[in-house]
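Right, one structure below, let's go through it.
The values are calculated or read from the model by the stated rules, or taken from the named source; none is laboratory data. Because the structure is predicted, anything quoted here is derived from the model rather than measured. Note that we place each Cβ from the backbone using ideal geometry, even for glycine, and neighbour counts take in every protein chain shown.
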Amino acid sequence: MKPGANNERVFRMAFAGVYPHYVTKVEKKGRTKEELHTVIHWLTGYTDKGLQKVIDTKVDFATFFAKAPKLNPNVHLITGVICGYRVEDIEDPLMQKIRYLDKLVDELAKGRAMEKILRK
């Protein structure tokens, strides 16, 4: 299988299909849905209303990031390994954004301080 062959499958996944797993992951570790939304807002610029709309309309990850109001200018500060890959080394821009989100959700679930997650 050529590198990135699975990317298209991931890009077509509905954000609304993965979102409940993010909520479950953080809540199981004592964090809140509101904290998750703070992380998503920081990364993408979505408001609560905008986030609810992409969940309700079941957009895929490609559309979720394409329509994101503004990717945070500090995303380059997100580093480390997620799903076996260093996020800073992922070459596909969309896959990198998806893994940035995964990394932030992971940090939230692991109890990292919010100011560190938000790279303040």
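The table below lists the values:
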item	result
Only one of I40, I78, I82, I55 that is within 26 Å of K110 (Cα to Cα), surrounded by 11 or more Cβ atoms within 10 Å (Cβ to Cβ) and at pLDDT below 95	I82
Search result, residues across the stretch 32-50 that are touching a residue at least 24 places away in the same chain (Cβ under 8 Å) and assigned to a helix (DSSP H, G or I)	E35, L36, T38, V39, I40, W42, L43, T44
Residues located in the stretch 14-26, provided they are surrounded by 11 or more Cβ atoms within 10 Å (Cβ to Cβ) and under 26 Å from N74 (Cβ atoms)	F15, V18, Y19, Y22, V23, K25, V26
All positions within the stretch 71-112 that are free of Cβ contacts under 8 Å to residues at least 40 places away in the same chain, among the basic types (K, R), outside any helix (DSSP H, G or I) and under 15 Å from V39 (Cβ atoms)	R112
Per-region count, the stretch 49-99, residues farther than 13 Å from A16 by Cα and of a type in the set (D, E)	4
Residue ID - farthest from K103 (Cα to Cα), chosen from residues in the stretch 51-70 that are in a loop (DSSP other than H, G, I, E, B) and among the hydrophobic types (A, V, I, L, M, F, W, C)	V59
Count of the stretch 11-31 residues which are touching a residue at least 60 places away in the same chain (Cβ under 8 Å) and either closer than 20 Å to P93 by Cβ or part of a helix (DSSP H, G or I) (or both)	5
